[in-house]
Amino acid sequence: MTEEDNRKVQTAVLGGSQGHRPVFLPFEKEAAQRLRNLRGADAFSCGVLLGGCGQVLTLRACGDRKSHFAHRPPVRCRRTAVGESSADHLYIGEALVNWLRGQGRPNVTVAYVQQTQARSDSIEIRFGPKGGRRRLLHVQMVRRSFSQWKDDGRRLEAAPGESPVIRAYGPESELAPYEVQATGHALRFRCETRDGTREVSIGTQSPDHDVRWTTLDRCRLSDLGLVTPFLERARAGDALRLKSTPGATTPAPPPPRQATARSEARGRRQQPAVAPPPEGPAGSAQEGPVDPRATAARAALPPLVDDLLHRFTAAGFTLSLVGESVRRALVGAVGQELDFVTDSDAGRIRQLVAGWAHELPAREDDADRPVTLRKQSDGADHTLRIHPRPARSHDRSYPARRAEHHKALEKYLRRSDFTVDAMALGLSHVTLTDPFGGLEDLEHRVLRTPREPRAATVNDPALMLRVVRRAALLGFEPAPELKDAMRAAASRVTQVPAEQVRDDLTATLLAARPETGLRLLVDTGLAGHVLPELPALRFESAGHHRHKDIYEHTLTVLDQAIALETQGPDLTLRWAALLHDIGTPRTRRTGRNGRVTFHHHEAVGAKMARRRLRILRCPDQLIADVVRLVELHVRFHGYLDDEWTDPAVRRYVRDAGPLLDRLHRLTRADCTTRDHRKARALARAYDSLEERIERLDTEDARQAARPDLNGHQIMDILGMRPGPELGRAYAYLRDLRIEKGPMDFETAKDALLEWRARGDS
């Protein structure tokens with residue numbers, strides 16, 4: 001006889017043995033009776049996802065002892081955790097799934113990975129469009145060893161072009177090494193018993209181990225992660241926060257050293273990442289305590305970096321990670337393109353990496369150009385650029401070579417566009433070389449140039465477009481002195497080749513926050529030279545003749561169009577949204593009644609869009625598609641005035657052609673009214689139009705289908721003459737072909753005779 005399981009089981013699942021909907025049973029009899037009245041006594045299972053046997057559990061509401069679930073009939077159950085927290089992984093998973101659906105995320109799926117007894121090691125939730133890039137939300141539920149953390153880091157690293165994995169931790173999991181120090185926070189989950197159930201909370205843990213708890217319904221999902229109210233207040237917004245909260249125990253940067261008159265004149269700020277360096281050669285790396293963020297950045301680098309480093313150190317050379325690669329490593333997004341600087345020459349670099357990686361051909365022969373390598377590691381292709389900066393001194397002692405290397409490093413970093421990209425990470429002994437205060441600017445999300453900004457913008461006008469591009473990509477704010485320099489040198493942007501302007505504008509539009517870059521483009525006066533149609537939209541209404549702000553409307557339309565994208569950034573749609581109303585300044589008229597009109601602005605705007613995109617040397621197909629969308633973006637308003645006939649709907653579809661889906665998104669995005677009633681009416685009208693398009697498409701496909709028997713064959717088989725009955729027989733065979741597909745002659749004949757026998761004619 002099987003020994004009865006007498007344990008006081010408090011959790012079960014609904015939906016059978018494979019169910020994932022958790023149920024918590026309070027010990028109190030009244031609460032247990034309410035649950036039994038709601039679900040019945042035998043609706044519960046000892047679920048497999050709980051580590052259970054999958055058998056039915058009976059709810060027992062007891063007054064003299066604790067209420068519990070019991071196995072009936074008795075079984076020997078392998079389940080080890082039966083207390084109130086034994087289903088917390090399911091509660092957290094269900095809460096996240098419901099929250100993501102509430103955020104409008106499609107196709108949410110959950111997996112409970114590597115189950116150990118009653119618990120899942122982790123919860124992995126994926127969401128996003130089918131066939132597109134799906135995003136991962138990973139919740140670690142158990143403790144991990146250091147080697148397991150490193151394996152997880154490689155496995156969970158996002159591929160190029162994909163959104164980073166959202167990482168969080170369950171009640172019993174330790175954090176990944178250095179995560180809080182590197183990002184300034186970590187996300188935690190906990191479950192508490194309240195009102196007869198387990199309530200899920202999410203917390204933001206800071207470096208001082210303080211956790212601010214809240215509920216998921218107060219959080220939002222951004223491009224870069226899950227944003228809690230605490231992160232909103234910390235102005236982290238859509239990005240991982242680097243700055244530690246007040247009172248953190250992690251080492252903080254000391255106050256900046258007093259700048260000399262010379263450094264102030266050059267716009268250079270002396271801000272070491274950690275302790276000030278000792279007396280020594282200029283540009284030396286910081287010594288003393290290692291900033292935990294630098295340590296975390298070093299630990300986040302892929303294993304191939306260690307392999308590469310060993311080849312150089314064994315030959316007596318140094319190797320440092322530099323530039324954008326350091327910035328990305330500091331924010332936990334290493335990527336697959338890495339830049340290095342070494343004190344070796346190009347020939348020696350090639351000898352050291354021969355047979356280890358594939359060298360990519362260079363376009364020109366230059367001793368200072370980097371040696372570019374392609375190396376596969378952990379299933380991903382990495383691009384490594386190694387910049388040679390060989391020592392020139394004949395003194396080969398280690399201190400002399402080290403000092404000269406650091407001078408070369410600072411000279412290399414000075415050529416960077418921005419201070420946040422002018423840092424070097426020492427790899428053998430972790431050091432952060434930060435001669436221009438890039439770490440502080442990274443913390444404050446500021447764009448600043450290592451060189452004096454006025455000289456930088458005058459000597460390199462294309463830098464101003466790169467500022468716009470980087471502001472849109474990163475969401476950083478240019479420093480006031482850099483903005484002033486851009487305004488003063490705005491006219492020099494005309495010296496930049498059209499192809500380069502096009503590439504920077506394209507990158508700005510494809511960024512997660514193009515509005516940030518476009519506003520900067522207009523506010524600094526650059527747009528007046530490279531995209532004058534955009535600032536022209538900021539015309540004022542005369543007197544009492546009011547109308548909507550076309551400039552703000554345009555940026556809102558762009559933002560709403562981006563929100564409607566389903567297959568990643570759509571450059572054609574974004575250009576169309578940006579240019580759809582550029583014809584309004586030329587077509588604005590004020591009638592006698594004071595009403596402002598913009599008649600035919602779509603036709604005028606289409607011509608202007610074609611001209612501007614040609615000046616920017618955009619591809620012909622992109623120009624044609626954008627112009628067509630601008631021409632058609634107001635066509636829908638005729639549907640509002642008078643509902644179209646079927647031929648009119650077909651003309652709308654025909655004129656849009658392959659751009660119909662984009663036209664749908666642009667038209668919906670073009671609704672920016674604050675009148676909620678009007679907005680709902682517009683949405684209903686467009687829903688109606690899309691439904692009619694779909695219905696007519698189905699009907700047209702139905703009419704285009706031909707049955708497997710022609711009219712003569714039908715008349716021969718049924719022995720009839722032309723007439724209404726022949727038409728009904730023909731329609732029956734046509735519908736049958738649509739439903740079941742093509743048929744041979746005998747099968748079609750038998751079906752036709754059966755139809756006649758049933759008397760359906």
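The values are calculated or read from the model by the stated rules, or taken from the named source; none is laboratory data. On a predicted model such as this, the values are computed, not experimentally measured, just so you know. Methodologically, a virtual Cβ is constructed for each residue, glycine included, from the backbone with ideal geometry; neighbour enumeration extends over all protein chains shown.
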With respect to residue 298, determine if the residue is assigned to a helix (DSSP H, G or I), buried (at least 24 other Cβ atoms within 10 Å of the Cβ) and touching a residue at least 12 places away in the same chain (Cβ under 8 Å).
no
Outside any loop (DSSP other than H, G, I, E, B), at pLDDT below 95 and over 24 Å from residue 529 (Cβ atoms): does that describe residue 603?
yes
Any hit, region 354-371, residues being under 17 Å from residue 314 (Cα atoms), of a type in the set (A, V, I, L, M) and at pLDDT 75 or above:
yes
Looking only at residues in region 619-647 that are modelled with pLDDT under 80 and surrounded by 14 or more Cβ atoms within 10 Å (Cβ to Cβ), which one is farthest from the chain's Cα centre (by Cα)?
644
Residues within region 188-218 that are more than 24 Å from residue 32 (Cβ to Cβ), in contact with a helix residue (DSSP H, G or I) (Cβ under 9 Å, 6 or more places away or on another chain) and not in a loop (DSSP other than H, G, I, E, B), tallied:
12
Quick one: is residue 691 in a helix (DSSP H, G or I), under 30 Å from residue 645 (Cα atoms) and at pLDDT 80 or above?
yes
Using the structure shown, decide if residue 198 is of a type in the set (D, E, K, R), touching a Phe, Trp or Tyr at 6+ places or on another chain (Cβ under 9 Å) and modelled with pLDDT of 85 or more.
yes
Report every pair of residues separated by at least 6 positions or lying on different chains whose Cβ atoms are under 8 Å apart, first residue within region 338-352 and without any contact (Cβ under 8 Å) to a residue 24 or more places away in the chain, second part of a strand (DSSP E or B).
350/359; 350/371
Here are some conditions: (1) farther than 20 Å from residue 538 by Cβ; (2) under 29 Å from the mean Cα position of the chain (by Cα). Residue 578 meets all but one. Which one does it not meet?
(1)
Hey, which of the strands (runs of 3 or more DSSP E) in region 48-148, taking only ones fully inside, have at least 3 residues that are surrounded by fewer than 17 Cβ atoms within 10 Å (Cβ to Cβ), out of contact with any helix residue (DSSP H, G or I) (no Cβ under 7 Å at 6 or more places or on another chain) and touching a residue at least 40 places away in the same chain (Cβ under 8 Å)?
none
Residue 716: outside the structural domain of residue 581 (by TED's automatic domain parsing) and either surrounded by fewer than 16 Cβ atoms within 10 Å (Cβ to Cβ) or modelled with pLDDT under 80 (or both), yes or no?
yes
Which listed residue is within 29 Å of residue 500 (Cβ to Cβ) and assigned by TED's automatic domain parsing to the domain that holds residue 670, from 597, 566, 590, 572:
572
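Table: residues versus (1) touching a Pro at 6+ places or on another chain (Cβ under 9 Å); (2) surrounded by fewer than 19 Cβ atoms within 10 Å (Cβ to Cβ); (3) of a type in the set (D, E, K, R).
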residue	(1), (2), (3)
472	yes, no, no
484	yes, yes, yes
493	yes, no, no
497	no, yes, no
509	yes, no, no
521	yes, no, no
Residues being over 19 Å from residue 563 (Cα atoms) and either modelled with pLDDT under 80 or touching a Leu at 6+ places or on another chain (Cβ under 7 Å) (or both): count how many of those fall in region 655-675.
3
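Condition check ((1) among the hydroxyl-bearing types (Ser, Thr, Tyr); (2) touching a residue at least 24 places away in the same chain (Cβ under 8 Å); (3) touching a Ser or Thr at 6+ places or on another chain (Cβ under 7 Å)) across all residues:
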{"position": "494", "(1), (2), (3)": "yes, yes, no"}
{"position": "514", "(1), (2), (3)": "no, yes, yes"}
{"position": "525", "(1), (2), (3)": "no, yes, no"}
{"position": "531", "(1), (2), (3)": "no, yes, no"}
{"position": "537", "(1), (2), (3)": "no, yes, yes"}
